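The values are calculated or read from the model by the stated rules, or taken from the named source; none is laboratory data. Worth saying up front: this structure is predicted, and the values here are computed from it rather than measured. All Cβ positions, glycine included, derive from the backbone under ideal geometry; neighbour counts span all protein chains shown.
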Amino acid sequence: MPVVRARPDVVFSEVFRAAYPDILAFIRRRADPARVEDLAAEVFTIAWDRWEDVPREARPWLFGVARNLVANDHRSRERRRRLELRLGSERDPGQDDTSFNDVALDLRVAWARLNDADREVIALVAWDGLTGREAAAVLGCTRAAFSVRLTRARRRLKHLLDDAVDEPVPAVTPHLSAALEGDLP
Amino acid sequence: MNHRMRNRTLRLVEEANPVPTSGLTADESARAELLLQDLTAASGPARPVAGRRGTRARALVGGAIVLLAAALGGGLLATAPASAEQVLLQAASNAALQQPVGEGRYWYVRTESDTSVTIPHQREVWLAREGGVLRDEFFAAEVAESEGSAVLDPALVRYQDLGQHADVPGGSSTTLFGGNVAVTWDELDELPADPEELSALLTERMTDTSHGHAYDLWDAATGLLRESPARPELRRTLWEVIASIPGVTLDGPTTDAAGRDGTAVSVDFSSQRLGRYALVLDPTDGTLLETRYLADDGAVLSTGTVIEQGFRDTAPTAQPPVCGPGSEPERSC
């Protein structure tokens, strides 16, 4: 009996419709708002172009591509920012449009003090809704390693939360640019 | 709920999510659907896998129209609209019924081109297995366009020796067909008559242009149809390969620059940083009449019309370059 396979464009369309809102939100949390849909389009263009190589479980792979593209976008923006500074631009390059909304001050303080790698681990679970297995795939580590990293990150955040009371409030954004600098292996 | 979110610290962070995941707005949803359509219609997965290809079958119906049935495996044929596919496969079938192209020392092709940077002009080529002669009016047409003239300066048109690089280290005078697949004359005679095998072979040989597999295949198959002495069976297979490229659409009846009636099909490669490419063909005999490059609104930006093809026993004598030996032959001093 012949094996019946669904057409690639049909399967891709299903994956696209299921994952697009999540990928869009993932990028929106981390990238320049003006670039969000362009980057999302790039994620799925790469996915379609490499469809034969995309793992059967495509969702973590898509998040991994999005993560790399956002990291590249951050690097490009940083290069432009440095150039603008060199050229004496008066535009304030440090403004990020995304920030915590209606968040307790102690969480803002603690989050600001957390290192970028810890923030990324936590954000993948708490904001992006990934399972441990999916987040491990995005970061290119084993599920066990991710679990350890999440536990440690969570513990550090808790300690910082406990210490945060009465501390001055730094300017905080949830961007994860430093943590995104490394590509997936 | 992710079991990890039972943790109070994580729940605190979750509640501070700057962009909670939600459904798309109507505008976002519309743009997403457009993106999806563009992706799946204009290009295909880059490297079809042998196993998936192997699921397709070919059937001969009434000796007239060969139907390449995508037997549930999808792949190359999956997204080609049936109407464009039917026209191309009709051309394929009828191309195979034509008489062989004959014999001779040179394969002669005369084309007429019109681009945004030139006035209409012609290109003639006499190709031997090794070397050949080219007469190309492009440079003269470029100069005429820039000067606002409708007349070519004959002094700027030369018969160029295509074998002149044979004595250059690394140079070769062997005639190659098909653009980025670079098929020699001998290889041309041995190309497979099965579209899947031919597609696989072209894919294996082509140089990746970074514009995607569909474009590379289109470019190779079109190049072989336009400027090679392909035998009738090979022409059939080339049309079948083009029919298999995802996103090919039927544009309908048209007239080429030489006034011949034909049918246009096109494919949009704009997602590959290119534009829309069209072919004008005569489905009744499988002749490729014209290639076109189109703007997004369908306006024709440039054309290349095949006026004449056939074998010749002789070729004109090549002339020295405009600027003397060693210079760029087609350029002025």
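In summary, helices (runs of 4 or more DSSP H) completely within the range A:76-161 and bearing 1 or more residues that are closer than 23 Å to A:TRP61 by Cβ and either of a type in the set (Lys, Arg) or at pLDDT 85 or above (or both) occur at A:116-126, A:132-139. I want to confirm something. Restricting to the range B:226-250 and keeping residues that are in contact with a strand residue (DSSP E or B) (Cβ under 9 Å, 6 or more places away or on another chain) and acidic (Asp, Glu), which single residue is surrounded by the most Cβ atoms within 10 Å (Cβ to Cβ)? Filtering the range B:226-250 for residues that are in contact with a strand residue (DSSP E or B) (Cβ under 9 Å, 6 or more places away or on another chain) and acidic (Asp, Glu), the one surrounded by the most Cβ atoms within 10 Å (Cβ to Cβ) comes out as B:GLU240. Within the range A:17-55, which residues are basic (Lys, Arg) and either over 19 Å from A:ARG119 (Cβ atoms) or facing chain B (nearest Cβ under 7 Å) (or both)? Scanning the range A:17-55 gives A:ARG17, A:ARG28, A:ARG29, A:ARG35, A:ARG50. Determine whether A:GLY132 is small (Gly, Ala, Ser), surrounded by fewer than 22 Cβ atoms within 10 Å (Cβ to Cβ) and in contact (Cβ under 8 Å) with a residue 24 or more places away in the chain. It is false that A:GLY132 is small (Gly, Ala, Ser), surrounded by fewer than 22 Cβ atoms within 10 Å (Cβ to Cβ) and in contact (Cβ under 8 Å) with a residue 24 or more places away in the chain.
Looking only at residues in the range B:181-199 that are surrounded by 17 or more Cβ atoms within 10 Å (Cβ to Cβ) and farther than 16 Å from B:ARG231 by Cβ, which one is modelled with the highest pLDDT? Filtering first and then ranking leaves B:SER199. Tell me which of these B:ALA230 doesn't satisfy, since it passes every other one: (1) assigned to a helix (DSSP H, G or I); (2) at pLDDT 90 or above. The single condition B:ALA230 does not satisfy is (1). B:THR207 passes every criterion in (1) free of Cβ contacts under 8 Å to residues at least 40 places away in the same chain; (2) surrounded by fewer than 16 Cβ atoms within 10 Å (Cβ to Cβ); (3) assigned to a helix (DSSP H, G or I) apart from (3).
Consider B:GLN160 carefully, then state whether it is outside any helix (DSSP H, G or I), surrounded by 18 or more Cβ atoms within 10 Å (Cβ to Cβ) and modelled with pLDDT under 90. Criteria met by B:GLN160.
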